[in-house]
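A quick write-up on the structure given underneath.
The values are calculated or read from the model by the stated rules, or taken from the named source; none is laboratory data. This is a predicted model, so every value here is computed, not measured. Backbone-built Cβ (ideal geometry, glycine too); neighbour counts: all protein chains shown. Note: areas computed on protein heavy atoms with side chains; ligands, DNA, RNA excluded. Shrake-Rupley method; radii C 1.70, N 1.55, O 1.52, S 1.80 Å.
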Amino acid sequence: MGLYVFLALVSAVAMASSGIIARFSGLAAAELTFYRLFVGGLCLLLFVTLTGKLAALKGKPDWRMAVNGVLLAGFMLSFLTAIEYISLANAIMLVYLAPPLSAFIAHWLLQERLDLPDSSLIVLSFLGFAMLQQFKFDLVLDTAQLPGLIFGLLSLFAYSGFLLLNRRALPAHSQLLRTFYQLIIGACCVLPFLTGISLPKPDDIIWIALAGIFPGFIAIYCAIIALEHLPTRVYATLAYLEPVTVIIAGWWLFNESLSTLQLGGVLLIIITGLLLALRHKPAKAVVAVAEAVRL
């Protein structure tokens, strides 16, 4: 279990690096999303070639991979569109309703039964996230902010769908195969939004490479492995390390303030994630799949 908790944490930190790369590179949102997914797919292809695992990519994508690729692109693009109409704090608050929402949906759909301690820890983890945002949720339902609310909700549901659908992958499909097709299909979904794109400048190459390696290949591959082995409630709580990383990076790299309330949120997220991981029990659906594979 410890390995998969570690991979979930690596995924969260790698996901958070996209914000840092965006600030340093100055790339447009759609461009960065495309490079993150497409170059991430190329990095995976290079990885399996160098490690002699190219055979892992043999096979056709099933509908789950195709839908997850669409959800991956939809989650990223909807979030970036939402912040054009509403504040970043409000958009982040909406999209990060996805982890606890996914945990409660998994209770009904994946037989990942939540007891009172688990439910309480999930609620506390979201409270910690709200503390990171300093409880700033001032969304007004007027004509100016309504599109932002709609796109924020789309991002929320797309992210939830991505988490849940990756929990029900077919064991015959390798994690490398699923990661590759989700990245490439997601990149193809972003193509229609790349209006007026030109060849990248030499100064942009390093940022494009970093976007593909960290928030692309590493983040998605580690997430897919962790989601296959960890209950949704555990992964959902660990996913809050992403905004924690963003807050700490802003304080460290960009001299942004870090309040006592935010520090409290960081500690609360870490503690709830640790407690949920210690309470980990394999979901019945996952155990059934594992037994079927052994047979």
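Got a number for residues in segment 235-263 being open to solvent by 20 Å² or more (accessible area, probe 1.4 Å) and either within 13 Å of Ala12 (Cβ to Cβ) or free of Cβ contacts under 8 Å to residues at least 60 places away in the same chain (or both)?
Total satisfying the criteria: 14.
Residue-wise test of (1) buried (at least 21 other Cβ atoms within 10 Å of the Cβ); (2) touching a helix residue (DSSP H, G or I) at 6+ places or on another chain (Cβ under 8 Å).
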residue	(1), (2)
Ile105	no, yes
Arg113	no, yes
Leu121	yes, yes
Ser125	yes, yes
Ala130	no, yes
Phe137	no, yes
Thr143	no, no
Phe151	yes, yes
Ser155	yes, yes
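Selection of segment 157-173 for residues being buried (at least 18 other Cβ atoms within 10 Å of the Cβ) and at pLDDT below 90 yields Arg167, Ala169. Taking Leu183, is it surrounded by 22 or more Cβ atoms within 10 Å (Cβ to Cβ), of a type in the set (A, V, I, L, M) and within 23 Å of Arg279 (Cα to Cα)? Against the criterion (surrounded by 22 or more Cβ atoms within 10 Å (Cβ to Cβ), of a type in the set (A, V, I, L, M) and within 23 Å of Arg279 (Cα to Cα)), Leu183 does not qualify.
Being assigned to a loop (DSSP other than H, G, I, E, B) and more than 23 Å from Ala28 (Cβ to Cβ) narrows it down to one of Phe135, Phe157, so name that one.
None of the other options fit; the residue is Phe135.
If we scan segment 87-98, do we find a residue that is modelled with pLDDT of 90 or more, part of a helix (DSSP H, G or I) and either crowded, with 22+ Cβ neighbours inside 10 Å or over 17 Å from the mean Cα position of the chain (by Cα) (or both)?
Within segment 87-98, one or more residues are modelled with pLDDT of 90 or more, part of a helix (DSSP H, G or I) and either crowded, with 22+ Cβ neighbours inside 10 Å or over 17 Å from the mean Cα position of the chain (by Cα) (or both).
Does Ser198 meet the test of being farther than 25 Å from Tyr181 by Cβ, of a type outside the set (A, V, I, L, M, F, W, C) and in contact (Cβ under 8 Å) with a residue 40 or more places away in the chain? It is false that Ser198 is farther than 25 Å from Tyr181 by Cβ, of a type outside the set (A, V, I, L, M, F, W, C) and in contact (Cβ under 8 Å) with a residue 40 or more places away in the chain. Checking Phe214 against (1) surrounded by 14 or more Cβ atoms within 10 Å (Cβ to Cβ); (2) modelled with pLDDT under 85, which single condition isn't satisfied? Checking Phe214 against (1) surrounded by 14 or more Cβ atoms within 10 Å (Cβ to Cβ); (2) modelled with pLDDT under 85, the one that fails is (2). Of everything in segment 1-54 that is under 20 Å from Leu191 (Cα atoms) and β-branched (Val, Ile, Thr), the residue that is surrounded by the most Cβ atoms within 10 Å (Cβ to Cβ) is Thr33. Sub-6 Å Cβ pairs linking a first residue in segment 47-62 that is outside any helix (DSSP H, G or I) to a second residue that is not hydroxyl-bearing (Ser, Thr, Tyr), at least 6 apart or interchain, are Gly59/Leu177, ordered by first then second residue.
Contact map, segment 220-234: first residue open to solvent by less than 10 Å² (accessible area, probe 1.4 Å), second residue among the charged types (D, E, K, R) and assigned to a helix (DSSP H, G or I), Cβ cut-off under 6 Å, separation 6 or more or different chains; pairs are Ile224/Arg178; Leu227/Arg167.
Is at least one residue of segment 60-70 on the phi > 0 side of the Ramachandran plot and modelled with pLDDT under 95?
First, pick out the residues of segment 60-70 that are on the phi > 0 side of the Ramachandran plot: none.
Among the residues of segment 60-70, not one is on the phi > 0 side of the Ramachandran plot and modelled with pLDDT under 95, which makes the answer no.
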